[in-house]
Amino acid sequence: MYRSSYNDDKEPIKVLVVDDSPLMQRAIKSLVELDKNIKVIEVASNGREAIRLARMLKPDVITLDINMPELDGLSVLKVLIQEEIAPIIVVSIITQKKAPVTYEALEYGAFDYVPKPIDESWNALEFGRELREKIILAYVQAKKSAILHKLAEERFTLMKKEGRKKPSEKKDIYQVMESRVVDFYGVGIGISTGGPKNIYDVLPPLPSNLNAAIFVVQHMPPFFTKQYAEHLDNYCQMKVLHAEDGMVVAPGNVYVAQGGFHLTLERNEEKLVIRLASEPKHTFMPSADVTLSSIAKAFREKSIGIIMTGMGNDGVEGLAEIKKAGGLCFAESEETAIVFGMPKEAVKAGVVDKVLPSYAMPEEIIKTVGTVKAENCQA
């Protein structure tokens with residue numbers, strides 16, 4: 001897929017493997033080296049050794065386990081990200097219980113993650129294929145863009161921890177409104193690789209009385225999206241909810257699409273209700289295309305579609321539907337996108353009204369949809 005664009009210099013991609021299991025070290029080495037353009041140059045068995053080898057060898061890509069002796073993977077990642085040595089791919093056991101740590105690694109600047117097998121039923125070839133693809137993508141992006149600097153940049157969540165708002169402290173300006181017609185805006189955000197970091201430029205600055213409901217489609221597996229919503233809720237003025245089937249949509253809320261399902265909208269009398277759908281089958285579940293198309297149908301000219309960092313073209317068809325409905329479409333600029341893939345495809349398709357850096361999007365959203373005084377709302 002990426003072969004022609006990454007082996008022009010005829011040198012293999014140099015990979016440092018960091019894992020405390022000798023068995024896993026051997027497995028990763030043998031699987032990634034099935035591609036002759038990838039070479040494991042060294043392995044590290046603990047965190048301190050990982051930092052030493054990374055500084056000495058200057059690898060092109062680092063694969064990093066989280067649970068390690070002496071210095072854990074998250075601590076290693078924080079050091080290496082700031083030194084901008086190489087993009088880091090987390091290769092760790094990712095379960096419902098351990099998902100928060102992996103998600104935190106993505107917030108701090110890990111390029112991507114690959115779940116480590118947890119039992120003997122794992123598909124070694126599939127694991128190897130996914131890891132090779134992500135190593136190549138990380139290498140290509142690091143060669144052609146300022147990705148290391150972008151990954152090292154501190155976002156809202158890392159700079160404002162002392163002022164974070166806990167969900168229990170938020171004022172419920174908007175509750176489910178039984179009698180209010182749907183006269184607010186619908187904003188859909190499609191986002192993928194680099195999203196757990198860049199999304200903090202967009203959501204935290206938005207006020208709790210925004211005259212819009214926001215729907216976030218982040219490409220993530222099922223056991224990640226609930227943690228994703230909970231993390232976002234800690235830093236946002238708006239309420240962030242993990243979308244559930246049958247949930248009534250109200251302005252002032254952010255709805256995070258569930259992994260494994262599409263987030264769609266259904267008009268029920270004068271309300272909008274979230275429906276989780278398993279069809280159509282798509283490369284991504286959830287898909288930005290499906291959600292944005294549903295927003296276009298539900299909100300018509302009060303639709304806004306936003307495509308941010310990520311690889312591929314998911315969201316382009318959905319933006320086209322929003323344009324047809326009379327809504328507005330934005331794309332994240334190459335200035336801030338970790339991977340300028342999805343936004344680039346949207347721009348090429350001619351369905352984007354404005355191209356903006358992530359930090360400029362909140363102002364544009366507020367300017368477009370406005371805010372509503374709390375006393376004007378019916379709870």
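Each residue of segment 299-314 was assigned a 3J(HN,Hα) from its phi angle through the Karplus curve 6.51 cos²θ - 1.76 cosθ + 1.60 (θ = phi - 60°); the sequence is 10, 6, 5, 9, 9, 10, x, 10, 10, 10, 3, x, 9, x, 10, 4 Hz, with glycine and proline shown as x. Using a probe radius of 1.4 angstrom, the carbon and sulfur fraction of the accessible surface of the chain is 50%. Taking 0.36 nm per residue of separation and subtracting the Cα-Cα distance, full extension of the segment from Tyr359 to Leu34 would add 113.0 nm.
In the context of the full set of protein chains, residues of the chain present 42 Å² of accessible surface per residue (probe radius 1.4 Å, heavy atoms only). Look at the Cα gyration tensor of segment 217-315: its axes a ≥ b ≥ c give a/c under 1.5, and that counts as rounded. Springs between alpha-carbon pairs under 10 angstrom, Gaussian network model over the chain: which of Gln82, Gln258, Gln237 fluctuates most? Its mean-square fluctuation being the largest, the pick is Gln82. How large is the Rg to Rh ratio of segment 206-263 when both quantities use alpha carbon positions and Rh follows Kirkwood? That ratio is 0.95, to two decimals.
Mind checking the angle between helix 124-144 and the chain's longest principal axis? C-alpha axes, 0 to 90 degrees, to the nearest 10. On a 0 to 90 degree scale, this one is about 80. For the residue pairs Lys197/Lys297; Lys134/Lys226; Lys134/Lys271; Lys14/Lys150, alpha carbon separations beyond 32 Å are given by Lys134/Lys271. Build a GNM of the chain with springs between Cα atoms under 10 Å apart, and of Lys281, Lys150, Lys297 the one that fluctuates most is Lys281. Using the Cβ-Cβ distance between Arg267 and Asn234 with R0 = 25 Å, the FRET efficiency computed as 1/(1 + (r/R0)^6) comes to roughly 0.20.
With the helix formula -39500 (n - 2.57) applied to DSSP H stretches of n ≥ 4, the chain reaches a computed 222 nm mean residue ellipticity of -10000 deg cm²/dmol. Looking at the chain, the pairs of alpha carbons with a distance over 26 Å make up 51% of the total.
Gain on full extension, evaluated as 0.36 nm per residue between Glu126 and Lys324 minus their Cα-Cα distance, stands at 67.4 nm.
Efficiency by 1/(1 + (r/R0)^6): what FRET value for Lys373 and Lys10, r their Cβ-Cβ distance, R0 = 41 Å, to the nearest 0.05? Efficiency computed from Cβ-Cβ geometry: 0.05. Once both labels are positioned 7 Å from their Cα atoms along Cα-to-Cβ, the gap between His282 and Ser21 label points is 3.3 nm.
Between helix 73-83 and the chain there is an angle of about 90 degrees, using the helix long axis and the longest principal axis of the Cα atoms. Between the residues Leu265, Ala296, Ile307, the greatest Cα displacement towards the positive end of the dipole of segment 199-310, with unit charges on the Cβ of Lys, Arg, Asp and Glu, is found for Ala296.
Listed values for segment 187-198 are Karplus-derived 3J(HN,Hα) couplings in whole Hz (6.51 cos²θ - 1.76 cosθ + 1.60, θ = phi - 60°), namely 10, x, 10, x, 8, 9, 4, x, x, x, 9, 6, and x replaces Gly and Pro.
Summed over all non-identical Cα pairs, the Kirkwood treatment of segment 268-364 gives a radius of 13.7 Å.
Convex hull volume of the Cα atoms of segment 19-151, normalised per residue: 98 Å³.
Once the Cα atoms of helix 47-57 and of the chain are each reduced to a long axis, what angle between those two axes, in degrees from 0 to 90 to the nearest 10, is obtained? For helix 47-57, the angle is close to 70 degrees.
Comparing Pro280, Pro100, Pro59 in a Gaussian network model of the chain (Cα springs below 10 Å), the most mobile by mean-square fluctuation is Pro280.
The values are calculated or read from the model by the stated rules, or taken from the named source; none is laboratory data. Owing to the predicted nature of the structure, the values given are computational and were not obtained by experimental measurement. Ideal geometry is used to build each Cβ from the backbone, glycine not excepted, and the neighbour counts take in all protein chains shown. Surface accessibility is based on the protein's heavy atoms, side chains included, excluding ligands, DNA and RNA. Shrake-Rupley method; radii C 1.70, N 1.55, O 1.52, S 1.80 Å.
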